[in-house]
Structures are given as C-alpha cells and as structure tokens.
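Visitor: The structure that follows is given in the form of structure tokens.
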Amino acid sequence: MDEINTHTQTRASGGKFSFRVFLTQDWHRKLTSLVTVLFLMQYVSWFEAEKNMWWPETVAMVQISLWISFAIDLLPKVNVWLRRCVQLWTLIIVNGIYSGYEPVLYKLHSRQDFGNWVYDNFWQLNPYVWFSLGAWAVYIATAWWLRSRWRIGAAVILSVLVFAIRDSFSTLHLWEETAWVIFCGLMLLVISHFAEVKRKNPYGWAYLMEYPATLIATILLLLGITMIPGTAMPTIRPILTDPYTAYLQWKGEEVPAYGKTIAGLIDSSSSSSTSGYSRDDSSLGGSFSFDYSPVFNVDTTHRAYMRGETRSFYNGSGWEVSDGDKQAANGPVVPGNLLAKDQRFNVSKLKTVTIKQTVERLNQDDAYPVLFGAFAINKVESINNEATGSDRLRWVPRQMELRWNNTRRDNYPTLYTIESEMPISTGDELRSAGALPNPAQFSEYLQLPRDLPQRVRQLAQQTTAGGTTSYDKAMLLVQYLQTSFPYTNEPQAELAKSGDFVDRFLFEIKEGYCDYFSSAMAVMSRTIGIPSRWVKGYTAGQQDIQDPSFGDFPVDGTDDTTGSGLYTVRNSDAHSWVELYFPGYGWIPFEATSGFALPVVTPLSDAALPDLAVDPIDGSTAGDVTAAPGESGRNPYVVAAIITVVMLAGAAGWWYRKRIFAWAKKSRLLGVKRSYNPEQRIISEYARMLKVYRRKGVSIHDYETARETIERLKRKDVWLTKDLDDLLALFEKAKYSPRRVTPEESGRAVRIVDKLKKAT
C-alpha cells in the first residue's frame, strides 16, 4: 500500500498541473456528479416539454445552475462546505447579472431595517433565483442519494415509472428521456462497482489505472451494446394492451388517442387548447392554458399592439371573412414605397405618429398568413434584411393587412422592418366626427345575424343611453364591459344555454377572455349604428428592463412617453380587440377586455421634450424623482464582486469562527447604529403592493398613474377600499409633498401592505 501511495504522489509532484492527475484524483465523486447532472437534465427536458410549466428563461437558468454546480464540484482539494459556499454565491451572482440587478443601498439602524434592505435587494432576483437555488439543492440531494447501488436502482426504477406514466397518458414523447435515465443508472452502477474495486483491491485498481483507455473503451462498448439496439428499434404497434386501456375498453368506454398511435389523430374536442394566434375564428369560446413560449422580438420606436388580421362577418358563434373581404383586391409590395390606402373612407382629419418596427421571428416552427405590425402599416422597408420585394407578400388596402401567401415554415420571414402610422386623435376630435354620410356603404360592418337575441340590442341601447355622440357611446360600452365582467381563461361554459356567443357571454357566462369582450364590443356597437370590425393579433409584449427604485416591477426602458425599446411577444400575448369607424378619421382601435388598455402615443415633438418625460409608475414627471439619501450610482458588478469576496472570506474563516466572533464582539461590529429614510420606505412598500397583486394574477400596467391603478384595484377588491386609499395618500405624500413623512406613517404603510398581502 505504501508503494502505491508513493507512486501516486510521485506522479502528482513536480508543481505542475497534470490533466491526468486531475481526472483520476477523486474520480468517483466527479463522475458521479457528471452523471447526476445528466440524470437531472432529463427531468428538465420533461418540464420544458410541458405546456405552461416553465418559461424558456426558467429552463435556461436551471440548466446553467446545474452545470455551474457540477463545474465547481470539480475543484480539487477544496473542502465540501467551501464548495457549497462558492456554488451558492456564484449562482446568486449569475442570477443578478441575468436579472439586471441594481443595488439598493440604505443607511440602517435596526434589525427590521436590515431585513427590509435584504428584501429590497434580494427580491430583484425573483423569480429565477428560486428555480436556480432549487436546482442546486436538488443536485446536492441527488448526488448524495446516488451513492449506493440500491439507491441508484430505486431512483432509476422510480424515474422510469414516472416517465412511462406521463408518456402514456399525455401527448408528450418521453422515450429519449427514459433511455437516458436508464443509461445514467447503468453508468452509476459501473462507477459504484469500480469504486468498490478500488477500496477492496487497491493493487488491482492501480494496475487498471495504468491502462485507463482500455477500461473506458470496454465500458462504453458494453453500454453501447445494451442501449443502442433498444433506442434505434423502429416503433411498432403494441402486441399487448396496457391494463388501464384494457379496463376502460372492458367497461365499454372510449379511450382517447393522444397522437402517438398509428393513426396519430388527436380529438380536438377532448384536447386542451393553449394560447396563441388562432387560424379559425368561426367558433369561439371554451377554455385555454397560457403558453409562454416566445413568438418574436419587436424593436419599436413606440409601444403598440401587433395587429394581424380582421374579420367582419359575425355568424353568431364567431367571426369569418366577409364576402367583400374575400373579393378585396390586393397588390404587390415594393419595399420603401408607401402602401395604397382604402379609397372608400375619408381620413382627412386623422392625426398619426410614425412608428418604425423591426420584427424578428423566434419560433422557427410557426408560420402565419400575415406579417404583424402596429396599426396602420404604411411601408415595408426590408424583408430578411433585403430591400427587395417578394411575390409572396401582398397588401390588402381594404383590411389593411400584409398577407404572406406561402405559409411554409421555411419561407416565412425571419426578420422584417416596417413603418406604421398610429392614430392619435383625441376624444374631443372623435366626438366631432358626426353621423355616417352613407350608412349603406358600411353594411358589411353593421351586419348582424337575424336571430341575434333582442336582449343584446336592448342592453347596448340602455348602456349607451347617456351618450350623445358615437364616441361617447363607444366609451360607455368599453366602460361597461371592462367593469361588469371579470377576465378568466377558463369561463364556465356549462352555464351557457343561448345559441349566440355574445348573448351567452353577456347574460349567462358573464366572464371570459379577450374573444368574449371584443366580440361583445363589436356586436353591441353595430346594434347602435357604429361600424365595427373584429381584430386579432398580439399585445405589445414585455420588456426585460428593471427600475432599481421599484425592485422587479417592469417599466418602459425610456425616459419619454413612447415606450420605445425591445419587446418579447409570447403566445400568451395573443389578443383580440375591435376597430370602430368614425367619419373623417377612419378606423380607430378600442380595447374592451377587462384589465387591458391600448398603448397611448403622443406626437414625437411633444414626447421629445425632457420636461414631459412621464414616470411609468404613476405619471409624474422625471423631475419629480429625487434620489433617497444613502443611494448611489455604484456599478452593480463591482458591488457584487465585493460581496462575493467578503462571503468567500467568511466561508474560509468558518474554521476559525470562534476567533471571528470574538473579534466582532470586541470591535462591536454587531451593534452599529445606522439611519433610514421613511419616504423611500413608503415608495418601496407601494411597489411591493404592486408585486403582490401581480403574483395574484392581476394585471399591473406601466402606463397607468398610481390613482388609476388604485381605482382599478378598488373595483376588484371593494372591501379593501379604505386600505388602498390610505396607501395611495401615503405614497403621494412621500413622492410629491414637501412635508416630511414621519416614521409612524412609514410603519403604517408597511402594515397596510402586509394586510393587503394576506387579504388578496
């Protein structure tokens, strides 16, 4: 034994790094860690395939966390607890960089203030840090569990059962993940076996290590012979029926096919739908789940809805292309040239703002019949970075649509740049629009089914009785729909009895999502003589920009009212709204869905003025924002580096903790008094209240003022009206009033938010 140890030390000596020594030293732990990561990656792959479970960003962060944990575990001659500290703080730093962390620095004087400081800083890493640290904890627990043969066997058998059950009773294909789990199990058994050989027969192990290539090749060959034939075997019809299917068939029940049979058919009536851009709108309704996979990025000069197609014919169940739209003329698109206008309508009074957008497709598996853009598209500048036309792109002035005739996935543009003219006419201007000069010209936009229930017409007339102009009546309809019906992606369809979609929504189901609200708005507008058409596309999406004053509350990334920047649009942002016609102004978009609001634009000449830069949280001007004492513009990466060095030093000093605590007690480091700013506390508590509502599923819009936000929350939670009003008063005093906020008022804001958090 002494000879073996001497031989090993001789090879490792010399002061030079040896890659062979690095691989063979503590090889059992390193290989176990590697296979553990591969094992856990199969679960990550499963969760990624599930609809609405994890966002792509979450998957990426979990994968990065697992590989970082493994890489740090490779560090030689490092104590296990020190490795864990390095892993923990490395993951926190990575999350800080990924989340755009900005330090919030206060002067502290109490333990509660220190807790608030930790909360304000650490909460910026939400939510990905929880997935990251969770993956790290699972990695450590799994690596500990997979140390003995019976534990390895139990983990593999349980995992195979879980994957097999989920694969059998869903549309997911988890065969590759199952094969990888079995492979990882076999590898772990091999590693465990050779670790046992090394322990019991060190001389034999030393001989094997003289020829490691031969040993590794033999192991891989045996595993290949075991795994490759099974994974490469073609799929065939099963000879035996699984017990569950046999039981259902014995009872005479129909067994649904999930798309993995020979026929490969999916019963649309039994499968659950997910959010996204629809192809068939002739029959609306039902429930859906949110799909957060990204569709495209939009680099825009103004925040705007991404308009797709319009529908004009209401059939009582949904929307179809009208006969006039089917016969509408279309023409080629020449990049750089202005697109033709619809000559039927007068838009001489309309005011617009020019918007430029560059759209990049992210999901290469999807193709669409149109190119999306802000309303109304005025010019195509380039397609796939080429300023040349395409015979597949056609412009339809009647519907203001850029149609892409060839919907093959490999032909749909991956990148295009457009210019739009977005309407900015005010309510006072639209009130002066007057009546339709020739109602017969708008017959297809006033069309209604003959069997439309009379109570729909009566409700529209009652709701708009107080309006004197078409615009006033339209706004009364918007207000009624947004305040009378809650938003839900799972409306109670079992309550429906009427044969008309809008009638069911207004009088029976009384809840729904955008298709319900927009259809009701379009139909009710037509009953009172306002031409309408139904529009579908996407909302503006989200920016990944954080405001350090408000934690992780999303804001526009500019100091003006345009909301310019890069937005990510997801399938969950698919949406529908309406356009109403006003003489002299043309088609004007309206938003009737509860919790949504159309982006507002202002002329560039006004938005460019620095004095009019609007705070996206509450509508205040940029000049009203005052930095709290104790805050600074320090580089966040420098701060993170300093924190990391301090924490590593603390971990290294763990072994001398008695001396550290004795020194701290002697120098009274644990009793330092610090100051604090009550105004900043109240502003932070208001932001925390917004985050509480967001986590509860309530939409918080960055273009609303604080008063508008509170008023909408009061309509949702009437019983919390007094608390919300009190918090608003404290927020406005802290933000705008020259009077100082007392510590008692700051504490009252904390108590109000804590109460709201428990009550919502």
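The values are calculated or read from the model by the stated rules, or taken from the named source; none is laboratory data. Predicted model, so just to flag it, every value in this text is computed and none were measured. So basically every Cβ, Gly included, is an ideal-geometry build from the backbone, and we count neighbours across all protein chains shown. Only protein heavy atoms, including side chains, enter the accessible area calculation; ligands, DNA and RNA are left aside. Shrake-Rupley method; radii C 1.70, N 1.55, O 1.52, S 1.80 Å.
Visitor: Which residue, of D366, D325, is in a loop (DSSP other than H, G, I, E, B) and either under 30 Å from F501 (Cβ atoms) or open to solvent by 40 Å² or more (accessible area, probe 1.4 Å) (or both)?
Guide: The conditions single out D366.
Visitor: Are any of the residues in segment 555-567 open to solvent by 30 Å² or more (accessible area, probe 1.4 Å), modelled with pLDDT of 85 or more and outside any loop (DSSP other than H, G, I, E, B)?
Guide: yes
Visitor: Can you name every residue in segment 45-59 that is within 16 Å of Y139 (Cβ to Cβ) and free of Cβ contacts under 8 Å to residues at least 60 places away in the same chain?
Guide: If the condition is that a residue be within 16 Å of Y139 (Cβ to Cβ) and free of Cβ contacts under 8 Å to residues at least 60 places away in the same chain, then F47, V59 are the ones that fit.
Visitor: Within segment 584-602, which residues are under 17 Å from K349 (Cα atoms) and open to solvent by 20 Å² or more (accessible area, probe 1.4 Å)?
Guide: Scanning segment 584-602 gives P589, T602.
Visitor: How about segment 698-742: which of its residues are within 10 Å of E679 (Cα to Cα) and of a type in the set (A, V, I, L, M, F, W, C)?
Guide: Correct list: L730, F731, A734, V741.
Visitor: Right, another one. For residues in segment 328-363 being aliphatic (A, V, I, L, M) and not in a loop (DSSP other than H, G, I, E, B), which is farthest from W395 (Cα to Cα)?
Guide: This residue is V353.
Visitor: Can you pull out the residues in segment 502-531 that are among the hydrophobic types (A, V, I, L, M, F, W, C) and open to solvent by less than 10 Å² (accessible area, probe 1.4 Å)?
Guide: Of everything in segment 502-531, those that are among the hydrophobic types (A, V, I, L, M, F, W, C) and open to solvent by less than 10 Å² (accessible area, probe 1.4 Å) turn out to be V502, F505, L506, F517, A520, M521, A522, V523, M524, I530.
Visitor: Just checking, which of Q112, Q87 is closer than 20 Å to M41 by Cβ and under 34 Å from the mean Cα position of the chain (by Cα)?
Guide: Q87
Visitor: Looking at G318, G331, G389, which is the one that is touching a Phe, Trp or Tyr at 6+ places or on another chain (Cβ under 7 Å) and at pLDDT below 85?
Guide: G331
Visitor: Got a sec? Which helices (runs of 4 or more DSSP H) wholly within segment 663-760 have at least 2 residues that are at pLDDT 80 or above and more than 25 Å from N121 (Cβ to Cβ)?
Guide: Once the helices (runs of 4 or more DSSP H) in segment 663-760 are filtered for at least 2 residues that are at pLDDT 80 or above and more than 25 Å from N121 (Cβ to Cβ), what remains is 706-716, 721-736.
Visitor: Let me ask something else. Residues that are in contact with a Pro (Cβ under 9 Å, 6 or more places away or on another chain), in a helix (DSSP H, G or I) and at pLDDT 80 or above: does segment 87-97 have at least one?
Guide: Within segment 87-97, one or more residues are in contact with a Pro (Cβ under 9 Å, 6 or more places away or on another chain), in a helix (DSSP H, G or I) and at pLDDT 80 or above.
Visitor: Could you tell me whether segment 383-406 includes any residue that is assigned to a helix (DSSP H, G or I) and open to solvent by 70 Å² or more (accessible area, probe 1.4 Å)?
Guide: No: zero hits.
Visitor: Between a first residue in segment 90-101 that is closer than 15 Å to E57 by Cβ and of a type in the set (D, E, K, R) and a second residue that is in a helix (DSSP H, G or I) and open to solvent by 30 Å² or more (accessible area, probe 1.4 Å), which pairs have beta carbons less than 6 Å apart while being 6 or more apart in sequence or on different chains?
Guide: none
Visitor: Give me the residue from segment 430-464 that is among the charged types (D, E, K, R) and touching a residue at least 60 places away in the same chain (Cβ under 8 Å) and, out of that set, least open to solvent (accessible area, probe 1.4 Å).
Guide: Taking the candidates together, the pick is E444.
Visitor: Just the residues that are over 29 Å from A433 (Cα atoms) and surrounded by fewer than 17 Cβ atoms within 10 Å (Cβ to Cβ), please, taken from segment 465-488.
Guide: P486, T488
Visitor: If a residue has to be farther than 27 Å from S312 by Cβ and polar (S, T, N, Q) to count, how many in segment 275-299 make the cut?
Guide: 3
Visitor: Shifting gears a bit: Taking D544, is it assigned to a loop (DSSP other than H, G, I, E, B), at pLDDT below 95 and closer than 18 Å to Y292 by Cα?
Guide: yes
Visitor: Given the options Y101, Y128, name the one that is in contact with a Leu (Cβ under 8 Å, 6 or more places away or on another chain) and among the hydroxyl-bearing types (S, T, Y).
Guide: Y101
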